[in-house]
Amino acid sequence: MHPITLFANGEQHALVVEPLETLLSVLRDRLRLTGTKEGCGTGYCGACTVLVDGRAVNSCLYLAVDTDRREVTTIEGLADEDGALHPVQAAFIERFGLQCGYCTPGMILATAAFLSDNAEPTARDAQRALAGNLCRCTGYQPIIASVLDAAARLREQGRTGERPGKRARIRSRA
Amino acid sequence: MQYFEPNFLDEALVLLDRFAPDSYVLAGGTILAPHLRSGPADGTLVNVKRVRELHEIEVESPGVLRIGALVTARELSENALVLAHAPLLAAAAGTVGSQQLRNVATIGGNLCSGISSADLCVALLACDARCIVAGGPTGPIALTLDQFLNDRLGTGSRLMLTAVEVPACSANTAYQKIQVRQAFEIALVNVAVAVEIASGSIARARVALGGVAPRPIRARNAERHLEGKGTTARVAQTAAEIAARDDAKPSTDHRASAEYRRHIAAVLAQRALLAAFESRPVGAR
């Protein structure tokens, strides 16, 4: 058992975790942040995607011990402080970038991380960036349209390059 | 499962030695963690992420880029030193897995994975990379990547890959892979090429192939054919045919037949050679 302090959606949590316990299990089973979904459990489907220090990772592969003093953003923590949806969330709703919704939290977080690095993506860029997120409903076209719409919204709102997610009050490990 | 987070390399090596053969080095964990979860849950996990030097990328001596074993695929694809000194490695790193995996998977893990078409491994073979292996009785040793792949450090080893050294060369390079999807798929076959061209002829050639043997290999017959020749389409085609016929030793598995792998090896080697002939050498900018 190993003690860690992680910052989930800006909130500090002191936990004692097993060496092989995944971030996914900590988020869902201990912190009750069940917006993060388990799909394949092996890193192929991307349903469990969350952000660690602003970067997309598969939380089913990422070990909880490696989140010590890091900022984790789940779908519950992506909206703005005032409750307004993040532009990526708004775009997915507007463009119907979802059907059953199971892959959606992962899709949205992978998109938010990708757009923080690429303000003006092509459809091809978006397809490559989301290659690690599977959707069995939509056929992907509305998802790619949502990503491009989200990029436009971020540009219009002057939020390009912004790191998605709430910041913890304490600086995380470099 | 016992767990340690050493701060220093020496500590990590003592732990690996003390608990071998049930000790495991934890780097990115994308391969190791699911493997350990599906097997017996005892043993000792040595998480080496607190060891600072394993994260570093630096020009060690003039003309040698030293890359710590924990550097991720994403860092390799973006780092200014890697882009300047080893663009072939940066190009291959940008094609590893998905965005999510590139953020986590490490160069050390890629080289120790045993996957015969590991992207970074194939690129590094064409770069004449050396592997720094620590934990032996005489201290750290440098092995060519070819030797390293022969000796393969399995899990439970007392030894640890700590860094990869990439010598500078003024080569034209290219990386090609083929996969069932166009992204996020293990390559069926991949090819990395580095050719040094002096006054119109090939002074030195490196052709590395993945997915056509139990481990990534150098296509030495193709390399011998290239050296001394001009950079023509005919030379590229013949060398690619030699690589596929004489160097590749593919076998059939659930993903592709041996015949298909051999055919694709020739196609990709030819494409990579032509692209390398056309490319600008490292440093010529």
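Read the figures in this text as sums done on the coordinates, not as results from a lab. Not measured: the values here are computed from a predicted model. A quick note on method: Cβ atoms are made from the backbone with ideal geometry, for glycine too, and the neighbour counts reach across all protein chains shown.
Over the protein assembly as shown, the pair-distance histogram of Cα-Cα distances with 10 Å bins from zero comes to 4, 20, 28, 26, 17, 5, 0 percent, rounded to whole numbers.
Taken as Cα centroids, segment B:69-99 and segment B:1-27 sit 27 Å apart, rounded to the nearest whole angstrom.
Summarise the long-distance tail of P(r) for segment B:153-285 by giving the % of C-alpha pairs beyond 26 Å. Mind dumping the intermediate values first?
On the way: 2457 of 8778 pairs.
That fraction is 28 percent.
Please name which of B:P40, B:S251, B:L120 has its Cα lying farthest along the dipole of chain B towards the positive end, using unit charges on Cβ (Lys, Arg +1; Asp, Glu -1) and the Cα centre as origin. Final value for the positive-end residue is B:S251.
DSSP bridge analysis restricted to segment B:2-108 gives an antiparallel fraction near 40%, rounded to the nearest 5. Most tightly packed first, judged by the mean number of other beta-carbon atoms within 10 Å of their residues, the peptides B:188-197, B:207-216, B:236-245 read B:188-197, B:207-216, B:236-245.
Using the crude model of +1 on Lys and Arg Cβ and -1 on Asp and Glu Cβ, and no other charge, please compute the dipole size for the protein assembly as shown relative to its Cα centre, in debye to 20. Walk me through the intermediate numbers first.
On the way: 49 positive and 47 negative charges, 171 e Å.
In debye, rounded to 20, the protein assembly as shown gives about 820.
Here is the P(r) of segment A:87-156: all C-alpha pair distances, binned every 5 Å from 0, give 3, 20, 35, 28, 11, 3, 0 in whole percents. Here chain B is treated with +1 on each Lys and Arg Cβ and -1 on each Asp and Glu Cβ, and its dipole about the Cα centre works out to around 760 debye. Of all the options A:G132, A:G39, A:G158, the one that moves most in a Gaussian network model of chain A with Cα springs shorter than 10 angstrom is A:G158.
Considering Cα pairs under 8 angstrom that are at least six residues apart, work out the relative contact order of segment B:172-278 and quote it in whole percent. Show your work: numbers first, answer last.
Working: 222 pairs, mean separation 31.4, N = 107.
Over segment B:172-278, the number comes to 29 percent.
For segment B:194-235, the fraction of C-alpha pairs more than 11 angstrom apart is 63%.
Given that compact globular proteins tend to follow 2.2 N^0.38 Å, what is the ratio of the alpha-carbon Rg of segment A:27-69 to that value? If you can, show how the numbers build up before the last one.
Working: Rg = 10.0 Å, N = 43, 2.2 N^0.38 = 9.2 Å.
Here the answer is 1.08, to two decimals.
Note on segment B:2-47: semi-axes of the ellipsoid equivalent to its C-alpha gyration tensor, largest first and rounded to whole Å, are 18, 12, 7. Return the calculated 222 nm mean residue ellipticity for chain B, to the nearest 500 deg cm²/dmol, obtained by summing -39500 (n - 2.57) across DSSP H runs with n ≥ 4 and dividing by the residue count. The per-residue figure over chain B is -9500 deg cm²/dmol.
What is the angle, in °, between the Cα long axis of helix B:9-19 and the longest principal axis of the Cα atoms in chain B? Nearest 10 is fine, range 0 to 90. Tilt of helix B:9-19: around 70 degrees.
Find the percent of Cα-Cα distances in chain B that exceed 33 Å, and round it to a whole number.
Here the tail beyond 33 Å accounts for 21 percent of pairs.
Give me Rg/Rg_expected for segment A:2-76, where Rg uses Cα atoms only and Rg_expected = 2.2 N^0.38 Å with N residues.
Details: Rg = 10.8 Å, N = 75, 2.2 N^0.38 = 11.3 Å.
Expressed relative to 2.2 N^0.38 Å, the Cα Rg reads 0.96.
If you bin all the Cα-Cα distances of chain A at 5 Å, starting from zero, the percentages per bin are 1, 9, 18, 22, 20, 14, 9, 4, 1, 0. Let me test this: with uniform point scatterers at the alpha carbons of segment B:52-167, what is the Debye-based log₁₀ I(q)/I(0) at q = 0.15, 0.17, 0.23 1/Å? The Debye formula, applied to the Cα set alone, gives -0.58, -0.75, -1.43.
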